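Student: Okay, handing you the structure first.
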Amino acid sequence: EAARLIQCLHVLCTTIGVEHLDESVDRLQIVDAQERAFLLDELNRTSVDIPMGMTLPSLLRTQVDRTPDAIAVVCGNDQVTFLELHTRAQTLAAQLSDIGATAESIVGVALTRSISLIVALVAIHEVGAAYLPLDPAYPADRLSYLVDDSRASLVLTDRLPAPLLPSLSARIVQIEGLSAPRTERIT
């Protein structure tokens, strides 16, 4: 790693010349062609063979069987293992089912970036429903239109104060109000 950093510094120093003194730092080249290819191609290679017909919940179950105690999700200072993620998603899926979410349902998701968001997405897939991403920062009329147009029957929220979400035709449920096991800290 130190050798790579030294190489970057070398490339930067050799490309800075009198003709580049007024140039913005973000326009200067700090990696050579080989390092650029490594960073863009090798590190970003994400092709993985996934068996046909595998769902997100079944992929998660397979990973739980392999590495239950491995970290699955990290968000800020919070993290959960594959087993914890699976357990929380299963609990939430059962609760969503209890309040009417089915394979024909569309569930709005107005959650901030958190472990709870990942849990909710897996749980929604578990019940077979579709999810509708909703950004609470959108104008109220836009959120209302999205919920009405999609015919979402349920919208999951987190700690959002009620005034941030408009009056919607769907049932609004705070995810904290459901009794899913909590392992993340709320700051």
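The values are calculated or read from the model by the stated rules, or taken from the named source; none is laboratory data. Fair warning: this is a prediction, and the values are worked out from it, not measured in the lab. Heads up, the Cβs are rebuilt from the backbone with ideal geometry, glycines too, and the neighbour counts pull from every protein chain shown. Ligands, DNA and RNA are stripped out before the accessible areas are found, and what is left, the full protein with its side chains, is counted by its heavy atoms. Shrake-Rupley method; radii C 1.70, N 1.55, O 1.52, S 1.80 Å.
Student: Just give me the residues in segment 126-145 being more than 19 Å from GLN174 (Cβ to Cβ), of a type outside the set (D, E, K, R) and at pLDDT below 90, in sequence order.
Tutor: Scanning segment 126-145 gives PRO139, TYR145.
Student: Check off (1) surrounded by 12 or more Cβ atoms within 10 Å (Cβ to Cβ); (2) assigned to a loop (DSSP other than H, G, I, E, B) for ARG61 and give me the number that stays unchecked.
Tutor: Going through the list (1) surrounded by 12 or more Cβ atoms within 10 Å (Cβ to Cβ); (2) assigned to a loop (DSSP other than H, G, I, E, B), ARG61 breaks only (2).
Student: Which one of ALA137, ALA94 is out of contact with any Phe, Trp or Tyr (no Cβ under 6 Å at 6 or more places or on another chain) and assigned to a loop (DSSP other than H, G, I, E, B)?
Tutor: None of the other options fit; the residue is ALA137.
Student: I need the full set of residues from segment 97-134 which are part of a helix (DSSP H, G or I) and within 13 Å of the chain's Cα centre (by Cα), in order please.
Tutor: ILE115, SER116, LEU117, ILE118, VAL119, ALA120, LEU121, VAL122
Student: When segment 146-177 is examined, which residues are found to be assigned to a loop (DSSP other than H, G, I, E, B), at pLDDT 85 or above and not aliphatic (A, V, I, L, M)?
Tutor: ARG151, SER153
Each row is one residue, and each column tells you yes or no for (1) open to solvent by 10 Å² or more (accessible area, probe 1.4 Å); (2) of a type in the set (S, T, N, Q); (3) under 23 Å from ASP135 (Cα atoms); (4) at pLDDT 95 or above.
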{"residue": "THR87", "(1), (2), (3), (4)": "yes, yes, no, yes"}
{"residue": "ASP98", "(1), (2), (3), (4)": "yes, no, no, no"}
{"residue": "ALA101", "(1), (2), (3), (4)": "no, no, yes, no"}
{"residue": "GLU104", "(1), (2), (3), (4)": "yes, no, yes, no"}
{"residue": "GLY108", "(1), (2), (3), (4)": "no, no, yes, no"}
{"residue": "ARG113", "(1), (2), (3), (4)": "yes, no, yes, no"}
{"residue": "SER116", "(1), (2), (3), (4)": "no, yes, yes, no"}
{"residue": "LEU121", "(1), (2), (3), (4)": "yes, no, yes, yes"}
{"residue": "ILE124", "(1), (2), (3), (4)": "no, no, yes, yes"}
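Student: Being under 17 Å from the mean Cα position of the chain (by Cα) and either open to solvent by 40 Å² or more (accessible area, probe 1.4 Å) or over 26 Å from VAL155 (Cα atoms) (or both): is that true of GLN79 here?
Tutor: yes
Residue by residue, here is whether (1) closer than 27 Å to MET54 by Cα; (2) in contact (Cβ under 8 Å) with a residue 12 or more places away in the chain holds:
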{"residue": "THR91", "(1), (2)": "yes, yes"}
{"residue": "ARG113", "(1), (2)": "yes, yes"}
{"residue": "SER116", "(1), (2)": "yes, yes"}
{"residue": "ALA137", "(1), (2)": "no, no"}
{"residue": "SER144", "(1), (2)": "no, yes"}
{"residue": "LEU156", "(1), (2)": "yes, yes"}
